[in-house]
1. What is the set of long-range amide H partners of residue A:231 at a cut-off below 5 Å, with H atoms built 1.01 Å from backbone N?
2. Rounded, prolate or oblate: which one fits segment A:157-256, using the alpha carbon gyration tensor with axes a ≥ b ≥ c (rounded when a/c is under 1.5, else prolate when a/b beats b/c, else oblate)?
3. Using the Kirkwood formula on the Cα atoms of chain A, what hydrodynamic radius do you get, in angstrom to one decimal?
4. Would you tell me the mean number of C-beta atoms belonging to other protein chains that fall within 10 Å of each C-beta in B:176-188, as a whole number?
5. Can you order the peptides B:142-152, B:13-23 by their average number of other Cβ atoms within 10 Å per residue, highest first?
6. Report, to two decimal places, the Cα Rg of the protein assembly as shown normalised by 2.2 N^0.38 Å (N = number of residues).
7. Would you kindly work out, in nm and rounded to one decimal, the distances from the label point of residue B:213 to those of the same position in each other copy, ordered shortest first, with label points 7 Å along Cα-to-Cβ?
8. Compute the Cα gyration tensor for segment A:47-105, then decide on rounded, prolate or oblate, letting a ≥ b ≥ c be the square roots of its eigenvalues: rounded whenever a/c is under 1.5, prolate when a/b is larger than b/c in the other cases, and oblate in all that remain.
2 protein chains.
Amino acid sequence: MSKPLILVTNDDGIVAPGIRALVEVAAELGEVVVVAPDSPQSGKGHAITIHDPLRLKKVKVFTDIEAWECSGTPVDCVKLAKHVVLKDRNIDLCVSGINHGSNASINILYSGTMSAAMEAALEGIRAVGFSLLDFSFDADFRPAQPWVKKVMQFMLDRPFKHGQLLNVNIPKLPPTEIKGLRMCRQADARWVEKFVEGRDPSGHPYYWLTGEFVNEDQGNDTDVWALENGYVSVVPSMHDLTNYEALQELTNLQQA
Amino acid sequence: MSKPLILVTNDDGIVAPGIRALVEVAAELGEVVVVAPDSPQSGKGHAITIHDPLRLKKVKVFTDIEAWECSGTPVDCVKLAKHVVLKDRNIDLCVSGINHGSNASINILYSGTMSAAMEAALEGIRAVGFSLLDFSFDADFRPAQPWVKKVMQFMLDRPFKHGQLLNVNIPKLPPTEIKGLRMCRQADARWVEKFVEGRDPSGHPYYWLTGEFVNEDQGNDTDVWALENGYVSVVPSMHDLTNYEALQELTNLQQA
């Protein structure tokens, strides 16, 4: 039996430590092809490049692994992987990450890592975004790797029926303190933000976003709860943003 | 009674004809403040600017309307509007658009117009994204304006309970041929894409995204159906991307 074909991407860029940790795991499970951004693309959400051409270049970053860097966003990388790099080949799984920092709760909306996985899912490819709750460049991804492997193995062996996209976040804990996987819903948390205002060397004003993540969602079935309690959170996600409760209410209002 | 405060933004940029048409309608209903991108930001999705400072500049674009242009994405504009331009003021409604081109179906994921409205909704502000199914710069927005006004009036007068975000698309039809508003779910359509490959003047390869929108969702309750049948489509949307059906299935698998 031939090995499954696994596409690896991320949003921190092809030289980030997190993608290296993910490639190591993927190489144990299948044939790996990497198509990732040539520069950091955090916070790029589901952005695509439509007004400019994209560049795509074969690079030597990982030992014995085919790798390409792309000038665009994480979503661009997935599109280029499907239509150019892996043209006519069946991609068995797309994994994105391991992101440096959490993509739990509403961070899925801003995350290039999760948007890349979402894009693969839109194309009918099973996909998982992985994130470690550690922003630092020197983050230790080793405790995360067994959990990454477990989830990837599950997706390759036994894809679940309803949907095919997972948002997986891993707490920053020593291996022995991680309690296991926990299926969750996305917490209804938010960012309390402000802009740091300053003056550039020419005296012109600038504004720089900063903020604090606040979770007032008290459920113990959320990803934020799971992570705070030592679990790896697994949220099945989807691209249908219809608010069906509101749709029902509006239909009633319209008919009233 | 004081007039409602209406924040106007878009993704085509502050000098696009579509935002002018939206500002005209908003000015009939409330006090208007515009904070919009200084350059086209189509396809930017929910991107935010975190690694760079933002610029914000008061500009004279609309007669007697306070307007600011921002160097960032549509989502950045909403954040700057809330935290800097309209600091401490209560925003009654945020409207985004009128977009040049459809944001029906999965286009909501890629759309800067809809992401700006989504960002406002995340901040607890009622929000609507408006789009006209006409990509051209010379698009006639006048037939759309009465429908824009009707929806805005509804949101100001009688906000519905479940959710507060609407994705409104308007067909490109003469006024007399538009049949009315229709509440819909997001169609499960997709883009069939490819990259045009070329060589730049220096002989280096480039890839440029192109594609065709294909709807295989046969439901007559979708936004795509409504638009094809002469209705203005209204999809209530939300930021919870949890796939609850899949969550149930995964939980069962986990316990098995």
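Values quoted throughout were computed directly from the atomic coordinates according to the rules given, and no laboratory measurement underlies them. Just so we're clear, the structure is a prediction, and the values are computed from it rather than from any experiment. In this analysis, Cβ positions are derived from the backbone assuming ideal geometry, glycine residues included, and neighbour counts consider all displayed protein chains.
1. Amide H to amide H, under 5 Å and 5 or more residues apart or across chains, residue A:231 pairs with A:179.
2. Numbers: a/c = 2.31, a/b = 1.16, b/c = 1.99.
Verdict is oblate for segment A:157-256.
3. On the way: mean 1/r = 0.0523 Å⁻¹.
19.1 Å is the Kirkwood radius here.
4. Numbers: counts 0, 0, 0, 0, 1, 2, 2, 10, 4, 6, 6, 2, 4.
Averaged over the peptide's residues, the number is 3.
5. Working: B:142-152: 19.1, B:13-23: 22.1.
Per-residue Cβ counts within 10 Å, averaged per peptide and sorted highest first, yield B:13-23, B:142-152.
6. 0.95
7. 3.4
8. Rounded is the answer for segment A:47-105, as its axis ratio a/c remains below 1.5.
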